[in-house]
Structures are given as C-alpha cells and as structure tokens.
Amino acid sequence: MSKRASLKSKKALIVLPYLKNGDGTAVAIMNYYQSLIDDGWHVDFMHLKSNACQWLNEVRENNGNVFELPQANKYTPAVQNRIENVISQGNYDLVHVNMPGHIGYSTLRLARKKGIAVRIFHAHNPKNILNIKTKMSTWLYDYLIQKEATDLIACSKSAGESRFGSKDFRVMRNVIDTDRFQYRSDARNCIRSGLNITNKVVVGVVGRFAAQKNPGFLVHCFAEYVKIESRAFLLWVGDGELKQRVEQELHRLSLDDRYYFAGRKAEVEDWYAAMDLFFLPSVFEGMGIVFLEAQCTGLPCLGSNHVPVETEVTELMHRLDLNLPEKVWALEMKKITDHAEAEVRQSRANDFIASGYSHEATKDDLKNYYNHLF
C-alpha cells in the first residue's frame, strides 16, 4: 500500500475523447469498466461529445455521469469552466486522463488544485509527429501534463517510451473480446452479397479518415494494387474529417467503382469477416487495436513500421517501412492476398488467449492498478 490516504468513496473521473463504439480509447477503457464497478468504484466520464451507444446506457445504469465538453477543440473559458465545475462537484479520489493536449493538462492541473491526490495520464499513442505544429504542441503539453500527473500509463512499451522517455510508467496493453471477434462465414457472405462484391479481393480499412491513418498514401498504394489485381476493391469502415478528400482522390484516380465507404458500424467484427486484407499504413499508432481485432478474425494485416511490434500476435501481421514506394506496398498486398486465397480462413482466438491478449485475462488490471495507488 502507498502512503496515500485510503479510499472511502472509491470515486473516479475518467477523461477520454469519446465514449462510443469504434473509438480505440473507449474500447480499451471499457474493457476494465465492469471490474471497477464490481469492486465498488463509482465511475464518471468526461468526453467531447455524447453518442448513443450501449456503453452510455451502461454507465447511467450504474449511476454514473457522462459529462460533455463544449467547443473542446479549442482552449476556451467555457471548456476551462466546465472541467473545473465537474471536478469541483464530483468529490473524486482519482482522475484518469486519456487525452493529451490542453484538455488533459487542464484537467490534471485543476485536479491538483482541488486536492485530488491520484492523477493518472494514460498515453494511447506515441508523440504526434505529423508536422512541426503538432510536434511542438505535443512536446509542450506532454511536458506540462507530466508535471501535473502523479502516475503514468501507456498502451504499449513503444508508446510509453515515446511519450515519457526514461520516466517510470505502467504498460496496460489493449486487448480484445475474443468471443466477439470470431470469424463468421455467414456475416462475410451476407455483406459481400449485399454489396455485390462476392468475387472481389477486398482490401479493408477500419479507422478514421484522419491524417494519422495516412489516407493519401493508402489510396495510392491501393491504386497500384489495382494495376496488379483486377479484382481489387476497397472497403472502408469509419468516418472522419478527410473523407471527402479521400473520395476526391479516388475519383481523380478513376477508382469510383472500386470502393465503398460503409461509415461507422457497431458490429465491426462482421465487416472484418467480409475483408480479404486489412490495410492501414498509419503514421503512428499507440497499439493499433484494430490490427488485433482483424487478426483474431483470421484476417491478414498489413501496417507500417510505426505500428508497435506488440501487434504481431500471429503470423498474419505484416509491416513495411513507410519510406518504401507505393508499388512495393502493392506487391506485398498481392503476395499476402494470394497466400490467403490458398488458405482456409479460421478464427485465431486461441492465439490471443495464449498470448494474454484476451479480455478475460486482463479485465482486472485497471482495478488492481487503481487500488494499488491507495
């Protein structure tokens, strides 16, 4: 036991981008939620925008609150006041921040001022290196956040070393529900038949249309793949600010009949089943939980060298250097899909269970960590 005061109310505020299906941070945190509730913790959430989903109802059924932040993309007095009011009125024993930037810093700073002894910062990505502006912003806020946080968590060793350097941090790796992400041939056949892509080689994406996911490079790799695979088809599950730009680029490349954007889907496991290759050449990833989900369904994956090596739970995970030309990536895509066609697809849940990447193996980790801090 630490020297911190023992818990009485066991009340936590968890701050994350979105409490919604498909958000990687939410998936990671909600893996631990029920264990916290069963242990007597009262858990409130604060996020950017409320979306109708099962988790939102679950939190409210457990008498938890879900607070929404106004205009949170900018540092405004309204955001500051909202954070301060939530913390002041919540009587929290612990604040667990899963967002970098000004929201993460403001929350931790105000929590310290209100006398909250346990202030956790949880990194779900390495440093943001997209451009000079994001590099400078990340450096500044990481410095400020680490001055305010009492404890540090990362979703992978590489993310923690990138974000925290030589400081002590706990790795709490993202895991998946292996029962949910089983391969189901009926779901595959239903989706492919409905989209009239039964005879296509489907390159799939599950993720936001965002710069981190490298959509421009992805599209050009796919365009090269089309040149060597006449049956190629792109299926993208997700939404985001760059969607229109991606559509425009596919049109410019005369690929209008070669793609389908499905939008956000709650039953994403069915869409993995419909794919023949999962492809996401991200500029950076903290862990890349989508690669884990895809592999569990028996789907071969191709990602960049910036995806953590921890994603290589099975031989289905492949990674290439982002500096290689699109043609090289296309050849690797062709190699992987040709091999996959010669194999019988099957679920890989047992590999994840054996490697400790299942929900059952890790569901108590956050509860144990919280309790250890008091």
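Matching residues to (1) at pLDDT below 95; (2) among the hydrophobic types (A, V, I, L, M, F, W, C):
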site: Val97; (1), (2): no, yes
site: Ile116; (1), (2): no, yes
site: His122; (1), (2): no, no
site: Lys127; (1), (2): yes, no
site: Thr134; (1), (2): yes, no
site: Gln146; (1), (2): no, no
site: Ala149; (1), (2): no, yes
site: Arg163; (1), (2): yes, no
site: Phe169; (1), (2): no, yes
*Is at least one residue of the range 266-277 on the phi > 0 side of the Ramachandran plot and either open to solvent by less than 10 Å² (accessible area, probe 1.4 Å) or free of Cβ contacts under 8 Å to residues at least 24 places away in the same chain (or both)?*
no
_Top-ranked residue of the range 219-252 - restricted to ones that are part of a loop (DSSP other than H, G, I, E, B) and without any contact (Cβ under 8 Å) to a residue 40 or more places away in the chain, ranked as surrounded by the most Cβ atoms within 10 Å (Cβ to Cβ)_ = Gly240
*Considering (1) part of a helix (DSSP H, G or I); (2) surrounded by 14 or more Cβ atoms within 10 Å (Cβ to Cβ); (3) touching a residue at least 24 places away in the same chain (Cβ under 8 Å), say which one Thr134 fails and leave the rest.*
(3)
*Name, by its number, the condition in (1) in contact with a strand residue (DSSP E or B) (Cβ under 6 Å, 6 or more places away or on another chain); (2) buried (at least 19 other Cβ atoms within 10 Å of the Cβ); (3) not in a helix (DSSP H, G or I) that does not hold for Phe181.*
(1)
*asked:* If I filter the range 201-212 for residues that are part of a helix (DSSP H, G or I), surrounded by 14 or more Cβ atoms within 10 Å (Cβ to Cβ), at pLDDT below 95 and of a type in the set (Gly, Ala, Ser), do I get at least one hit?
replied: yes
*When you go through Tyr92, Tyr75, Tyr105 one by one, which is the residue that is over 30 Å from Ala211 (Cβ atoms) and among the aromatic types (Phe, Trp, Tyr)?*
Tyr92
*Residue count for the range 235-269, restricted to those that are closer than 24 Å to Arg348 by Cβ and over 18 Å from the mean Cα position of the chain (by Cα)*: 2
*Is the range 223-237 home to any residue that is among the charged types (D, E, K, R) and out of contact with any strand residue (DSSP E or B) (no Cβ under 6 Å at 6 or more places or on another chain)?*
yes
*Would you point out the residue of the range 326-374, among those that are part of a loop (DSSP other than H, G, I, E, B) and of a type in the set (Ser, Thr, Tyr), that is modelled with the lowest pLDDT?*
Tyr357
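The values are calculated or read from the model by the stated rules, or taken from the named source; none is laboratory data. Keep in mind the model is a prediction, meaning the values are calculated, not measured. So basically every Cβ, Gly included, is an ideal-geometry build from the backbone, and we count neighbours across all protein chains shown. For accessibility, only protein heavy atoms count, side chains too; no ligands or nucleic acids. Shrake-Rupley method; radii C 1.70, N 1.55, O 1.52, S 1.80 Å.
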